[in-house]
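In what follows, a structure is listed as structure tokens, so that the remarks can point back to it.
The values are calculated or read from the model by the stated rules, or taken from the named source; none is laboratory data. Predicted, not measured: the structure shown is a model, and the values here were computed from it. Note that each Cβ is placed from the backbone with ideal geometry, even for glycine, and that neighbours are counted across all protein chains shown. Just so you know, the surface numbers come from the protein's heavy atoms only, side chains and all, with ligands and any DNA or RNA stripped out. Shrake-Rupley method; radii C 1.70, N 1.55, O 1.52, S 1.80 Å.
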Amino acid sequence: MIFLFPSDYFNPKKADAAYSEQVACIQNAGFTTGVISLESLGTGSSKIIPAPTPGSKVVYRGWMLSSGDYELLVSVVESIGASVLTSVAEYLATHYLINWYPLITGLTPETKFYSVDDDLENQLNRLGWDGFFIKDYVKSLKTSVGSIINQPSQIKTVVAEMQKFRGTIEGGICVRRIEDFVLETERRYFVLSGKPFAALPDEEIPEIVFECAKRIESQFFSVDVIERRDGTKRIVEIGDGQVSDIIGWTAERFAQLWIDS
């Protein structure tokens with residue numbers, strides 16, 4: 001198995017500094033690593049350094065990619081006779097909220113999906129909720145006015161700021177119902193080949209994570225769990241494991257899960 005990281009912009013033979021610790025820990029765990037220039041995807045000059053041997057299984061570990069860029073990455077891998085751990089379909093199954101939400105509707109806040117061109121203010125008025133969490137299929141707005149609003153009339157500003165700061169709205173608009181969460185209880189878990197892992201080896205993994213592992217068929221994904229004020233565990237996010245940050249994890253522990261899987 002080979003772990004593929006984004007290359008440094010100025011040194012295409014070296015991994016981006018943001019991933020240097022993970023690279024070292026993955027290598028110390030006995031795995032091979034390689035790099036690829038994400039800027040060159042689609043130019044016809046993309047290549048993996050060093051090139052994986054034919055038949056190798058490749059795990060991408062890097063920045064979030066659009067569906068088109070992930071397809072290009074898979075094409076580069078397959079052009080040299082290797083294969084990816086996570087197919088394009090599996091990547092989008094956990095990367096896009098609209099794809100994983102129907103599988104766990106009872107475990108996560110109620111969510112509605114809209115087009116950017118919809119009359120969003122009117123749609124939110126119809127919902128009649130006390131609060132709304134706004135994001136596109138992938139990410140929320142973490143700058144400017146933020147992603148939480150109480151009045152439907154505020155939706156126009158949030159969408160405009162998302163387009164301004166992110167450059168694009170990926171997929172569409174997701175409106176999630178606000179629940180009374182205890183913010184400091186949020187934890188990230190990873191699921192690899194159907195087996196859940198926690199940031200600490202002896203940490204008890206909530207049953208809700210095991211339930212996600214049963215319902216979602218992707219090879220590698222992250223599950224973010226939070227506790228509601230009434231003590232109920234809830235899923236607040238699921239993401240493709242290749243592009244999920246190791247929030248609350250050490251790089252050593254992240255590398256160890258591949259050995260233990």
**Request:** Could you point to the residue in Thr168, Ile178, Ser147 farthest towards the positive end of the stretch 112-193's charge dipole, with +1 and -1 charges on the Cβ of Lys/Arg and Asp/Glu respectively?
**Result:** Thr168
**Asked** So what are the ³J(HN,Hα) numbers for the stretch 125-136, from phi and the Karplus equation (6.51, -1.76, 1.60; θ = phi - 60°), rounded to whole Hz, Gly and Pro as x?
**Response** 4, 5, 5, x, 7, 6, x, 9, 9, 10, 7, 8
**Asked** In debye, nearest 20: dipole of the stretch 113-189 around its Cα centre with unit charges on the Cβ of K, R (+) and D, E (-)?
**Response** 260 debye
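How about the stretch 95-198: which GluC sites (Glu not before Pro) there lie in a loop by DSSP and see at most 11 other Cβ atoms within 10 Å? Display every interim value, and only then the final one.
Values: sites: Glu110, Glu121, Glu161, Glu170, Glu179, Glu184, Glu186; in loops: Glu110, Glu170, Glu179.
For GluC sites (Glu not before Pro) across the stretch 95-198 that sit outside H, G, I, E and B with at most 11 neighbouring Cβ atoms in 10 Å, the list is empty.
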**Complete:** Note to self, the chain gives a 222 nm [θ] from helices alone (DSSP H runs n ≥ 4, -39500 (n - 2.57) apiece, / all residues, nearest 500) of -8000 deg cm²/dmol
**Asked** In the chain, carbon and sulfur make up what percent of the accessible area (probe 1.4 Å)?
**Response** 49 percent
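Accessible area per residue, 1.4 Å probe, Å², for the stretch 1-117: what's the number? Mind dumping the intermediate values first?
On the way: 5530 Å² over 117 residues.
With all protein chains present, the stretch 1-117 gives 47 Å² per residue.
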**Item:** Amide H contacts under 5 Å for Ser7, placed H, 5+ residues apart
**Value:** Asp16, Ile36, Ser37, Leu38
**Item:** Long-range HN-HN contacts of Glu237 with modeled amide H, under 5 Å
**Value:** Asp224
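Sort 72-80, 50-58 for me by packing, meaning the mean count of neighbouring Cβ atoms within 10 Å per residue, highest on top.
On the way: 72-80: 16.9, 50-58: 14.0.
So the order, starting with the most tightly packed, is 72-80, 50-58.
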**Nearby aspartates and glutamates by direct alpha-carbon distance to Lys47 (threshold 15 angstrom, same-chain neighbours under 8 apart not counted)** = Asp8, Glu39, Asp69, Glu71, Glu78
**Prompt:** How would you rank 230-237, 212-219, highest first, on the average number of other Cβ atoms within 10 Å across their residues?
**Reply:** 212-219, 230-237
**Message:** What translational diffusion coefficient, to the nearest whole µm²/s, does the chain have by Stokes-Einstein, given a Kirkwood radius computed over alpha-carbon pairs, a temperature of 37 °C and 0.692 mPa s viscosity?
**Reply:** 167 µm²/s
**Request:** Taking the dipole about the Cα centre of the chain, with the C-beta of Lys and Arg at +1 and of Asp and Glu at -1, give me whichever of Ser20, Ala199, Tyr189 is farthest to the positive side.
**Result:** Ser20
**Prompt:** Measuring from a point 7 Å past the Cα of Ser79 along Cα-to-C-beta, which residues in the stretch 25-48 have an amide N at less than 19 Å?
**Reply:** 34-48
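Which pairs break 30 Å Cα to Cα here: Lys13/Lys164; Lys139/Lys214; Lys14/Lys214; Lys13/Lys214; Lys13/Lys135; Lys57/Lys142?
Details: Lys13/Lys164 33 Å; Lys139/Lys214 25 Å; Lys14/Lys214 37 Å; Lys13/Lys214 39 Å; Lys13/Lys135 35 Å; Lys57/Lys142 35 Å.
Too far apart for the 30 Å limit: Lys13/Lys164; Lys14/Lys214; Lys13/Lys214; Lys13/Lys135; Lys57/Lys142.
If contacts are Cα pairs under 8 angstrom and at least 6 residues apart, what is the relative contact order of the stretch 165-258 in percent?
Values: 128 pairs, mean separation 26.9, N = 94.
Relative CO of the stretch 165-258 lands at 29 percent.
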**Paired Rg and Dmax values of the stretch 199-253, which use every Cα atom, in angstrom** = 11.9, 34
